[in-house]
Structure formats: C-alpha cells, structure tokens
There are 2 protein chains.
Amino acid sequence: MTNKHDLISSDQVEGTAVYSPSGEKLGTVKYFMVDKISGDVAYVVMSFGGFMGMGNSYHPLPWKALHYDPRQGGYIVSLTREQLEGAPAYAQDMSPDWSNDTYGQQVDTYYGGLPHV
Amino acid sequence: MTNKHDLISSDQVEGTAVYSPSGEKLGTVKYFMVDKISGDVAYVVMSFGGFMGMGNSYHPLPWKALHYDPRQGGYIVSLTREQLEGAPAYAQDMSPDWSNDTYGQQVDTYYGGLPHV
C-alpha cells in the first residue's frame with residue numbers, strides 16, 4: 001500500500017493567489033525552484049506586486065510556509081507581514097544565482113529562525 | 001553545512017525538450033505533479049506530439065526517469081520507445097483523476113517493474 005498522495009499540477013500552482021491568514025491578498029505564486037536530482041520543491045517564489053511600495057518583488061518561501069485553502073482557491077501563507085518584509089527578496093529582472101547554495105542558505109537561515117504564526 | 005543543491009526553476013522545466021538516449025526528440029515537458037503536503041515532484045508529465053500516431057498524448061513519468069543534459073539543452077529519458085509505448089498515458093483534454101491514488105499507482109506499478117535502459 002502506498003500512502004495517499006494529494007497531487008497538484010505545477011501549472012495550477014503557478015499564478016495561484018496567496019493570502020494572509022486574515023484573508024488579505026498578498027500576491028501570486030510565480031514559479032518554484034526544484035532540486036534537479038531529488039525532485040523536491042526547494043522554494044516557492046511569490047510575487048508581491050507593489051507590496052508596500054517595493055515594486056514587483058520576488059520572495060522565495062519554503063514550501064511548508066504555504067497551505068492551500070480550497071475555500072479561497074488560493075494559498076494561505078503562515079507568516080506575518082513583518083516576517084515577509086524582512087525576508088530575502090529580489091526584483092523581477094534580478095534573479096539571484098541559484099547555481100550555488102549561497103542564496104538558498106540565506107533563505108533557509110531566515111525562515112529556519114522564524115517561528116511560524 | 002547544507003548539501004549542494006542543484007536548483008532549476010519550474011518554468012524552465014516546463015516546455016523543455018525530451019530526447020531519447022540516441023538523441024531523437026520525443027516531446028516536451030508540459031507540467032509536473034507535485035505532492036501538496038511534502039512538496040515532492042511525484043510525476044513529470046511529457047507531451048508526445050503525434051508520437052507513433054497517438055495524437056497529442058500526455059505521459060506521466062517518474063522524476064528519476066529524466067536526466068538533464070546541458071549539451072542538448074534538454075532532458076534525456078532513460079526508457080526505450082517500447083517502454084514509453086506501453087506506459088500509462090492520456091489525451092491532452094482527458095486528464096486523469098489525480099485526486100485519488102488509483103492512477104498514480106498504475107504509473108508507479110508500470111515503472112516500478114521496468115528495468116531502466
């Protein structure tokens with residue numbers, strides 16, 4: 001027996017809205033970063049369009065920070081605005097160098113040290 | 001210390017060409033199925049456009065059946081034509097019910113019993 005898997009198509013995840021726990025729309029999922037060898041999703045990259053005057057910024061989040069809510073038809077991010085404001089982010093046209101671990105480790109360190117709301 | 005992760009963006013995987021080990025172009029990656037809870041990529045769904053007269057058929061493959069080849073700029077699938085021909089597949093507009101495990105188990109059973117080339 002295999003365990004029950006709840007599967008979702010990658011193209012359904014991309015473009016899906018992301019909400020705060022209080023129901024405020026924060027942005028959308030743009031894409032995610034996949035480990036080429038293991039096939040694990042390492043980070044979900046969200047776009048905050050004009051979020052707090054930051055322009056179109058891209059925030060990589062750990063997969064586990066997002067929870068799908070069928071009622072809203074989108075993801076709820078279990079982080080506060082303050083946590084998101086202080087998080088590693090980059091401009092849309094300034095993708096970090098994902099080919100080495102430096103950037104990913106910044107993301108891991110940031111979220112690894114944060115209590116979830 | 002974290003291990004070295006080799007990351008690729010989901011939107012770079014989608015649309016990437018898939019080749020046979022001998023270099024023949026078989027099709028492209030359309031999307032992949034992600035486990036909502038764990039964030040693991042469960043299946044990579046390839047499109048074989050008009051492959052052997054089957055029309056635009058979609059084949060879910062285990063992630064590990066694909067290997068990225070930087071020289072070709074695409075994935076090499078370590079399966080023979082015969083293995084792909086006999087594999088679970090569906091028409092573009094006839095997506096299977098991924099919400100239960102029945103279809104995924106067919107895929108697992110098929111590839112689990114196959115020696116890789």
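Given a 1.4 Å probe and every protein chain left where it sits, what share in percent of the accessible area of the stretch B:4-112 is carbon and sulfur?
51 percent
Placing the label point 7 Å from Cα along the Cα-to-Cβ direction, what are the distances from B:THR109 to the equivalent spots in the other copies, shortest first, in nm to one decimal?
5.0
Need one number: buried accessible surface between chains A and B, 1.4 Å probe, both sides summed, DNA, RNA and ligands left out, in Å² to 100.
That pair of chains buries around 3100 Å² in total.
Shortest first and in nm with one decimal, please list how far the B:ASN56 label point sits from its counterparts in the other copies (point 7 Å along Cα→Cβ).
When each copy's label point is compared with this one, the spacings are 2.7 nm.
Return the sequence-ordered ³J(HN,Hα) values of the stretch B:56-65 in whole Hz as given by the Karplus equation 6.51 cos²θ - 1.76 cosθ + 1.60 applied to θ = phi - 60°, using x for Gly and Pro.
8, 9, 9, 10, x, 10, x, 3, 6, 6
Please compute the per residue accessible area over chain A with all protein chains in place, 1.4 Å probe, rounded to a whole number of Å².
On a per-residue basis, 49 Å².
Given the pairs A:LYS25/B:LYS30; A:LYS64/B:LYS30; A:LYS30/B:LYS64; A:LYS25/B:LYS36, which are separated by over 23 angstrom at their Cα positions?
In this structure, A:LYS25/B:LYS30; A:LYS64/B:LYS30; A:LYS30/B:LYS64 lie more than 23 Å apart at Cα.
What is the magnitude of the charge dipole of the stretch A:4-112 about its Cα centre, with +1 placed on the Cβ of each Lys and Arg, -1 on the Cβ of each Asp and Glu, and no other charges, expressed in debye to the nearest 20?
300 debye
Quick one: grab the alpha carbon gyration tensor of the stretch B:4-112, order the square roots of its eigenvalues as a ≥ b ≥ c, and give me rounded if a/c is under 1.5, else prolate or oblate depending on whether a/b is larger than b/c.
Oblate is the answer for the stretch B:4-112, as a/c is 1.5 or above yet b/c matches or exceeds a/b.
Using a label position 7 Å from Cα in the Cα→Cβ direction, what is the ascending list of nm distances from B:SER9 to the same site in the other copies?
Inter-copy label distances (nm, one decimal, shortest first): 2.2.
Springs between alpha-carbon pairs under 10 angstrom, Gaussian network model over chain B: which of B:PRO60, B:PRO70, B:PRO96 fluctuates most?
Ranking B:PRO60, B:PRO70, B:PRO96 by mean-square fluctuation puts B:PRO70 first.
Let me know the charge dipole size of the protein assembly as shown about its Cα centre in debye, to the nearest 20, where only the beta-carbon of Lys, Arg (+1) and Asp, Glu (-1) is charged.
Around 20 debye, computed over the protein assembly as shown.
The values are calculated or read from the model by the stated rules, or taken from the named source; none is laboratory data. What you see is a predicted model, and the numbers here were worked out from it, not measured in a lab. Please note: Cβ atoms are built from the backbone with ideal geometry, for glycine as well, and neighbour counts cover all protein chains shown. Side chains are part of the model used for accessible areas, which takes the heavy atoms of the whole protein and leaves out ligands, DNA and RNA. Shrake-Rupley method; radii C 1.70, N 1.55, O 1.52, S 1.80 Å.
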